[in-house]
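Student: I'd like to ask some things about the structure below.
The values are calculated or read from the model by the stated rules, or taken from the named source; none is laboratory data. Treat the numbers as computed from the prediction; the structure is a model and nothing was measured. All Cβ positions, even for glycine, are placed from backbone atoms using ideal geometry, and neighbour counts span all protein chains on display. Surface areas here come from the heavy atoms of the whole protein model, side chains and all, with no ligands, DNA or RNA. Shrake-Rupley method; radii C 1.70, N 1.55, O 1.52, S 1.80 Å.
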Amino acid sequence: MLENSEQEPSEAENEEEQTDDVVRPETLSPEELEKLKEAVEDRKKLIQGLRGKPWPMKQKLVTLKESQQFVEKYEGALGKGKGRKFYAYKVMMTKKWMKFQRDFENFKTACIPWEMKIKEIESHFGSSVASYFLFLRWMYGINMILFGLTFGLVMVPEALMGRPYGSIPRKTVPRAEENSAMDFAVLWDFGGYAQYSVLFYGYYNNQRAIGWLKYRLPLSYFLVGVGTVAYSYMVVIRTMARNANEGGVGDDNSFNFSWKMFTSWDYLIGNPETADNKFASITTSFKEAILEEQESRKDDNIHLTRFLRVLANFLVLCCLAGSGYLIYFVVRRSQKFTLDGLENHSWWERNEVNMVMSLLGMFCPMLFDVISALENYHPRVALQWQLGRIFALFLGNLYTFIIALMDEINVKRDEEKIVKYNITMWEASLYNGTLSENSTAPPITVHPADVPRGPCWETMVGQEFVRLIISDTMTTYITLLIGDFLRAVLVRFLNYCWCWDLEAGFPSYSEFDVSGNVLGLIFNQGMIWMGAFYAPCLPALNVLRLHVSMYLQCWAVMCCNVPQERVFKASGSNNFYMAMLLVILFLSTLPAIYTIWKNRMFDVIQETLESDFPPWFGKVFSYASNPGLVLPFILLMVLAIYYLQSTSKSYKQANVELKKKLQTQNEENKKKNKKAALKAAMDLEEARKAASLSAEQRLHSRNIKT
Amino acid sequence: MGTTASQLGKELLSEYQELTFLTKQEILLAHKRFTELLTKDEKDIPNVRIPMERILTLPELKSNPFRKRICLVFSTSEQKDGSLTFEDFLDLLSAFSDSATLEIKSHYAFRIFDFDDDGTLDFNDLQTLVNCLTGETDETRLTPEEMSQLINNILEESDIDKDGTVNLSEFQHVISRSPDFVSSFKIVL
């Protein structure tokens, strides 16, 4: 194609010279016109692909200028032919669009927060520690969007346009609690005024449309709830797909040594100490890999190893069961305490549940670490087992917590029924003394604070989640300060007056625990997803928490941590964490979906469809949601998945075949080359012999002549 | 033409944006860091060339075991002494940037690892590579037996046509399946 374009300019240039520097497209035949257009398009593609070519800058600049001149000259000329106005317009719009895209890319990269911080961490600690902070920043982005949705579409309209505080019973602090409603202790516990505010579910009225905008608040609440879940799914799956594409599927062990050799150096390292660590770890990993290769056949007492591994798994199961039971027991105890009245108990007893859960989350992983010493796995495999166990621990704890909460919810709902019954009695008693039968009564005004009302279990659930998140955050920060900062201070300053070298031996500075921190982040997000429906304030709280975490952990890692000694990357782990996030998302939205289903909250959609939209819309919707239509659709999707799976398998197969073919082809080429080389050598020999023979003959004949 | 000492022309800046994977801010930052390395007299010379020793004082390159090879590969000087002009420097940053494609990164990685510049990675290249990676001191180096076993393993894995060397396409094939390569082959100012 490039040859063609070389020809065209010369032809056209000839014409140019003939016609005084003006190219007349009318003089070119239609095919030549087409060829010219194609040549111009080719040049444009070349310009776009220039940055991906491994040429030195000078060559690229020259090619760029040449191609740009060519394109300008002939684009202008082409524009003079038929449809020139449209063509010129199209060209101009494409140019403007590309410029806009480039400016937008520049703007986007300038907007990314914390770029310098992360880059500094990368240069000191390498990319595995930095990957945690990149993950944190990504989570922050997701939570910002969730916060935007809940704040903008639910909390703000209610605050601005809903009935104000104090107008109806559910929005008012009950008379009995009024005295303590403003106390800091009560507010910190999210009771009092905080409870009866836009922060929690209970504040929102079921009035269909509020304010002068006729904003449909119940519908919006429901849709925002569904929307946050849908958005989270979409983002997680999209990231997983992107990682899978970049990563290269499967084949984890087929290029073990080559990868160690070609890809193990981290070019972001700018710190000599980190570089030394990296050298040491690379050497260790080479030596280990070589040893493993040699010893892979040795059996070495496999029965003992198997027995130890089974024992270790049994111990871990006992731990998990024990922690589950502990949580259940503690939640029941806290229910008893609330029945007695919270003032009679100490701070520990009031916050028992949250503290126990946070402490379990801190100590059990250490226990698992100790137990895994029995198992004698390769470090990468051991890490995966450890992560799996911590995952099971957190999941078990979360679900035990929810089940215990369910019991409380059921108790509260029974209470509500009783209270509703009592309200009718109470209302009747109000009218008792003042009326006779069969007369209409003027409505008696009662202050909303005096109306007896049942507990709102949704608000209670929201409160529990908020308290859990706050105590989890506090525990993390305090462990950080004590475990990392205090330890570093002690090691640094006590080292002067201690018998053994604190910095080199025990306890030394701590390393940054990437996997533990990432798991903590994932579970925190799971709790947010679970509770966001009942407490719209949760995403806001999480945004604040992540913001503070970023600064605190960046400071802590630069100040108190040392680079890791064993720097091996669990390379598939990027998608491993994403897969865990997806599972957590699924499991944490299950309870909310269950309660929505049970209380038929989605009736609000039905109602909106009936009253706000034209009738044909409702008909279409009812056809679409007919089970007879939905089931075949689901079947179709399952079949599509099966089809895609089988085509990907066949592609992998084709790859293997091609590789084999390449190998045999190369071997044949080598054989052919050898044969040809041999033949050429023989021919050369013969030619040489013939030449020397003829030289001899000539000499001989000359000798004879003289 | 060429870069003047203090300012990059607007047109040149947009051309550089077109020809590299760097954003405008990154190019300007690179220009700033490059001019910081110049001495007072050099600041007025257009298309000035900085010798390799001064480039190697950059903190991003100082701890890199391949720093000399990187300079030699990206240098366009006729003496092949590893000196870089600003445009060579931009080429370097573009190949090591976040948005560079796998093809260009693997192409330059191959050239960096090809210590004898013969277009293939043979036994000696691989040996030098391993020695670079295991550090300077003797305790961290591999014994000759370990070394030969390692290199034989590598050739077994990557050398598809079994000619005893790894050429560019075999290298790119191995690298394209690695999940770590793109994220570790990065230098950011």
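Student: Taking the criterion of being among the charged types (D, E, K, R) and facing another protein chain (nearest Cβ under 9 Å), would at least one residue in the stretch B:69-88 satisfy it? Write out each step before concluding.
Tutor: Initial filter on the stretch B:69-88 (among the charged types (D, E, K, R)): B:69, B:78, B:80-81, B:87-88.
From the residues that got through so far, the ones that are facing another protein chain (nearest Cβ under 9 Å) too are B:87-88.
Taking every residue of the stretch B:69-88 in turn, at least one turns out to be among the charged types (D, E, K, R) and facing another protein chain (nearest Cβ under 9 Å).
Student: With respect to A:Phe147, is the statement that it is under 24 Å from A:Val235 (Cβ atoms), within 14 Å of chain B (Cβ to nearest Cβ) and not aliphatic (A, V, I, L, M) true? Before you say what the answer is, go through the steps one by one.
Tutor: Numbers: under 24 Å from A:Val235 (Cβ atoms): yes; within 14 Å of chain B (Cβ to nearest Cβ): no; not aliphatic (A, V, I, L, M): yes.
Spelling it out, it is not the case that A:Phe147 is under 24 Å from A:Val235 (Cβ atoms), within 14 Å of chain B (Cβ to nearest Cβ) and not aliphatic (A, V, I, L, M).
Student: Looking at the stretch B:147-164, is at least one residue touching a strand residue (DSSP E or B) at 6+ places or on another chain (Cβ under 8 Å) and within 30 Å of B:Glu18 (Cβ to Cβ)?
Tutor: no
Student: I'm trying to understand the selection: among the residues of the stretch A:272-297, which are surrounded by fewer than 12 Cβ atoms within 10 Å (Cβ to Cβ) and either away from chain B (no Cβ under 14 Å) or at pLDDT 80 or above (or both)?
Tutor: Residues of the stretch A:272-297 that are surrounded by fewer than 12 Cβ atoms within 10 Å (Cβ to Cβ), as a first pass: A:272, A:291-292, A:294-297.
Listed by number, the residues that qualify are A:Pro272, A:Arg297.
Student: What number of residues in the stretch A:459-502 are aliphatic (A, V, I, L, M), within 26 Å of the chain's Cα centre (by Cα), open to solvent by less than 40 Å² (accessible area, probe 1.4 Å) and under 30 Å from A:Tyr201 (Cα atoms)?
Tutor: Adding up the residues that qualify gives 4.
Student: Kindly provide the set of residues from the stretch A:128-154 that are open to solvent by 20 Å² or more (accessible area, probe 1.4 Å) and modelled with pLDDT under 85, ordered by number. So that I can check it myself, show each step before the final result.
Tutor: Applying the first criterion (open to solvent by 20 Å² or more (accessible area, probe 1.4 Å)) to the stretch A:128-154 yields A:128, A:131, A:134-135, A:137-138, A:140-141, A:144-145, A:147-149, A:151-153.
Listed by number, the residues that qualify are A:Ser128, A:Ser131.
Student: Exactly one of these conditions fails for B:Ile55: (1) touching a strand residue (DSSP E or B) at 6+ places or on another chain (Cβ under 8 Å); (2) touching a residue at least 40 places away in the same chain (Cβ under 8 Å); (3) not polar (S, T, N, Q). Give me its number.
Tutor: (2)
Student: Quickly run through the stretch A:490-502 and pick out the residues that are assigned to a helix (DSSP H, G or I) and farther than 17 Å from A:Phe512 by Cβ.
Tutor: Here is the first cut: in the stretch A:490-502, the residues assigned to a helix (DSSP H, G or I) are A:490-497.
Listed by number, the residues that qualify are A:Leu490, A:Arg492, A:Phe493, A:Leu494, A:Asn495, A:Tyr496, A:Cys497.
Student: Filter the stretch A:481-495 for residues that are at pLDDT 80 or above and not aliphatic (A, V, I, L, M) and give the result.
Tutor: At the first step, the residues of the stretch A:481-495 found to be at pLDDT 80 or above are A:481-494.
If the condition is that a residue be at pLDDT 80 or above and not aliphatic (A, V, I, L, M), then A:Gly483, A:Asp484, A:Phe485, A:Arg487, A:Arg492, A:Phe493 are the ones that fit.
Student: Can you tell me how many residues in the stretch A:657-667 are closer than 16 Å to B:His173 by Cα and open to solvent by 80 Å² or more (accessible area, probe 1.4 Å)?
Tutor: Residues that pass the stated criteria total 6.
Student: Step by step: first the residues of the stretch B:138-167, then only those that are more than 9 Å from every other protein chain (Cβ to nearest Cβ) and of a type in the set (Ser, Thr, Tyr), then the one that is farthest from A:Asn277 (Cα to Cα). Which residue is that?
Tutor: Within the stretch B:138-167, the match that is farthest from A:Asn277 (Cα to Cα) is B:Thr165.
Quick grid of which residues meet (1) modelled with pLDDT under 80; (2) open to solvent by less than 70 Å² (accessible area, probe 1.4 Å); (3) facing another protein chain (nearest Cβ under 8 Å); (4) at negative phi:
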site: A:Gly211; (1), (2), (3), (4): yes, yes, no, no
site: A:Met240; (1), (2), (3), (4): no, yes, no, yes
site: A:Trp265; (1), (2), (3), (4): no, yes, yes, yes
site: A:Asp299; (1), (2), (3), (4): yes, no, no, yes
site: A:Arg306; (1), (2), (3), (4): no, no, no, yes
site: A:Gly322; (1), (2), (3), (4): no, yes, no, yes
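Student: If we keep just the residues of the stretch B:9-52 that are part of a loop (DSSP other than H, G, I, E, B) and among the basic types (Lys, Arg), which is least open to solvent (accessible area, probe 1.4 Å)?
Tutor: Going residue by residue through the stretch B:9-52, those that are part of a loop (DSSP other than H, G, I, E, B) are B:9, B:20-23, B:37-40, B:45-49, B:51.
After this cut, where a residue has to be among the basic types (Lys, Arg) as well, the list is B:40, B:49.
Numbers: B:Lys40: 175, B:Arg49: 79 Å².
For the stretch B:9-52, the residue satisfying everything is B:Arg49.
Student: Same structure, new question: Got a sec? Which of B:Ser94, B:Ser63 is over 11 Å from the mean Cα position of the chain (by Cα) and small (Gly, Ala, Ser)?
Tutor: On the way: B:Ser94 fails: over 11 Å from the mean Cα position of the chain (by Cα).
Within the list B:Ser94, B:Ser63, the selection yields B:Ser63.
Student: Here is a list: B:Gly135, B:Gly82. Which entry is in contact with a Cys (Cβ under 6 Å, 6 or more places away or on another chain), under 20 Å from A:Trp265 (Cβ atoms) and small (Gly, Ala, Ser)?
Tutor: On the way: B:Gly135 fails: in contact with a Cys (Cβ under 6 Å, 6 or more places away or on another chain).
Result: B:Gly82 is the single residue among B:Gly135, B:Gly82 that is in contact with a Cys (Cβ under 6 Å, 6 or more places away or on another chain), under 20 Å from A:Trp265 (Cβ atoms) and small (Gly, Ala, Ser).
Student: Which residue is farthest from the other protein chains (Cβ to nearest Cβ), if the candidates are limited to the stretch A:45-64 and must be assigned to a helix (DSSP H, G or I) and of a type in the set (D, E, K, R)?
Tutor: Going residue by residue through the stretch A:45-64, those that are assigned to a helix (DSSP H, G or I) are A:45-52, A:57-64.
Checking which are of a type in the set (D, E, K, R) leaves us with A:45, A:51, A:58, A:60.
Details: A:Lys45: 13, A:Arg51: 5, A:Lys58: 7, A:Lys60: 5 Å.
Per the stated criteria, the residue is A:Lys45.
Student: Here's another thing I want to ask about it. If you scan the stretch A:73-87, which residues turn out to be surrounded by 12 or more Cβ atoms within 10 Å (Cβ to Cβ) and either at pLDDT 75 or above or over 25 Å from A:Glu31 (Cβ atoms) (or both)?
Tutor: Within the stretch A:73-87, A:Lys73, A:Tyr74 meet the criteria.
Student: Being in a helix (DSSP H, G or I) and at pLDDT 80 or above narrows it down to one of A:Ala39, A:Ala110, so name that one. Quick ask: steps written out before the conclusion?
Tutor: Details: A:Ala110 fails: at pLDDT 80 or above.
Exactly one residue qualifies, and that residue is A:Ala39.
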